[in-house]
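Colleague: The structure's right below; bear with me while I get my questions together.
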Amino acid sequence: MKMDAMTIKKASAMPAPTWSWLKMNSVDIEVPDGLERRCRVEIEAAESLTDNMKSFEGALAELQARLDEARAAQGAAADSRAVVRAAQGVDQGAADLDTPALSASERTAVLSEVAGDAQRDFETGVGINARSYLNFLAGGSVVLAAEEGAAEEASIRVTAQAGEASGASVDVVAAPDSALTLTVSLDSDASEPAFMGSTLRVFAGARSRVDVTVYVTGSDAVTAVEDSGFVLDEGARVNVRHVVLGGRFAATGLAADLRGDRSRIDIDTSYLAGGSSQRDFNYVIRHRGKKTVSNMDANGVLTGTAKKCLRGTIDLTHGAKGAEGNERETVLLASRGVDNKTIPTILCDEDDVAGNHGATIGHVRPEQLFYAACRGLSQEQTEALFLSAKLEEAALTAPTDEIRAHVIRLGNQIIPDFEEEIA
């Protein structure tokens, strides 16, 4: 059965519409017309990961019970801040001149802080509409759950042939003191329109370690969506690596709730875009626990008439004392026709925190092009050098031989004899 074209509107939306006036607050994802739903997903995991009764919802419920118990034990008085009164619509009369006017996003944020509901606050980077579509393509979610103290590995492979839409939906639960390494590959060499994607819900239990690596290596005819949401318990450590190399349009989104004290997430993103391709990234890190740490690092190359937008939001919420959030991006614009948007945002409602952001955006200078031309290189060949360097790095650091082969195949399509260069 073939499906009609559809548009996933306002995907990858920033939590506060800071840049809506520049029309950069979100993106619309176009799903091609006439695609056939075909779930081409392979999951490799030990039986110990799949043969259990654990669930993402159950892990969140256990966390919520502990949070509620701790809050009750503290016996804290009702929050009387003016911003809370404004969000709750409490009328203090004309004498209360301190009650501020709140935007819709500010009101939502304040009510979230007051409620302290981890289940209701859960979100993914691309958003609920994209997650629902990917879950539909997958036909439901698969649960991978690591037992307490265990060390596990798993891999997910999503492919799509021409005229197909394929998606994976996976929940990951890492019990306290466990370690889980997950590799996700989104790959397609389709010569005609196709869609592929994955959506992850990850719960990192107390003192657990979760490592996630995602490679996107689709052809120029493919639309790819990689969506994920993380909840971190006390002392949890999460490392995420995104390598986005291919696809006509590729959307990558991640949202993280650092709910537990001293939890930490590190995100390393590497990307390239050439021709008329488009890359869209949305990262939202909510610091809710004390002494939490986040680091977002992105590095990319743009050539041709490619377009890229990266939204990075660090939200230092009320009560997250001692939290530290950092975001950095380095972009090389290898031609004048590219369109780059870098949108770092820090939201803060706490004084004892640190938030830092920075971006380095550089062009290939005319004298560099002249130097290359003097050695017989055209502008296209010079741009290919930068692409080759990014592809070579991705191939050499690929977690599996299969993913390395995907990178080499993509490299051969972009750069003649790429495989020989890295042999």
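Colleague: Please list, ordered by residue number, the helices (runs of 4 or more DSSP H) wholly in the stretch 10-105 having 2 or more residues that are at pLDDT 90 or above and either more than 30 Å from PRO344 (Cβ to Cβ) or open to solvent by 60 Å² or more (accessible area, probe 1.4 Å) (or both).
Modeller: 47-50, 56-74
Colleague: Across the stretch 333-369, which residue is modelled with the highest pLDDT among those that are farther than 17 Å from PHE386 by Cα and in a loop (DSSP other than H, G, I, E, B)?
Modeller: So, considering only residues that are farther than 17 Å from PHE386 by Cα and in a loop (DSSP other than H, G, I, E, B), the one modelled with the highest pLDDT is VAL353.
Colleague: May I pose another question? Return a yes/no flag: does the stretch 163-184 have any residue that is open to solvent by 10 Å² or more (accessible area, probe 1.4 Å) and either closer than 17 Å to PRO32 by Cβ or in contact with a Cys (Cβ under 7 Å, 6 or more places away or on another chain) (or both).
Modeller: Within the stretch 163-184 (the criterion being open to solvent by 10 Å² or more (accessible area, probe 1.4 Å) and either closer than 17 Å to PRO32 by Cβ or in contact with a Cys (Cβ under 7 Å, 6 or more places away or on another chain) (or both)), the answer is yes, since at least one residue qualifies.
Colleague: Something else now. Scan (1) within 13 Å of the chain's Cα centre (by Cα); (2) free of Cβ contacts under 8 Å to residues at least 40 places away in the same chain for the single condition GLY322 breaks and write down its number.
Modeller: Unmet condition: (1).
Colleague: Select from the stretch 220-256 the residues that are outside any loop (DSSP other than H, G, I, E, B) and in contact with a helix residue (DSSP H, G or I) (Cβ under 6 Å, 6 or more places away or on another chain) and write down the one among them that is nearest to ALA394 (Cα to Cα). Let's see the steps before the verdict.
Modeller: As a first pass, look at the stretch 220-256 and keep what is outside any loop (DSSP other than H, G, I, E, B): 222-232, 237-244, 249-256.
Checking the rest, the ones that are also in contact with a helix residue (DSSP H, G or I) (Cβ under 6 Å, 6 or more places away or on another chain) come to 225, 227, 243.
Numbers: VAL225: 19, ASP227: 21, VAL243: 7 Å.
Checked the stretch 220-256; the qualifying residue nearest to ALA394 (Cα to Cα) is VAL243.
The values are calculated or read from the model by the stated rules, or taken from the named source; none is laboratory data. Remember, predicted model here, so these are calculated numbers, not experimental data. When we count neighbours, we look across all protein chains shown, and the Cβ atoms used for this are built from the backbone with ideal geometry, even at glycine. Surface areas here come from the heavy atoms of the whole protein model, side chains and all, with no ligands, DNA or RNA. Shrake-Rupley method; radii C 1.70, N 1.55, O 1.52, S 1.80 Å.
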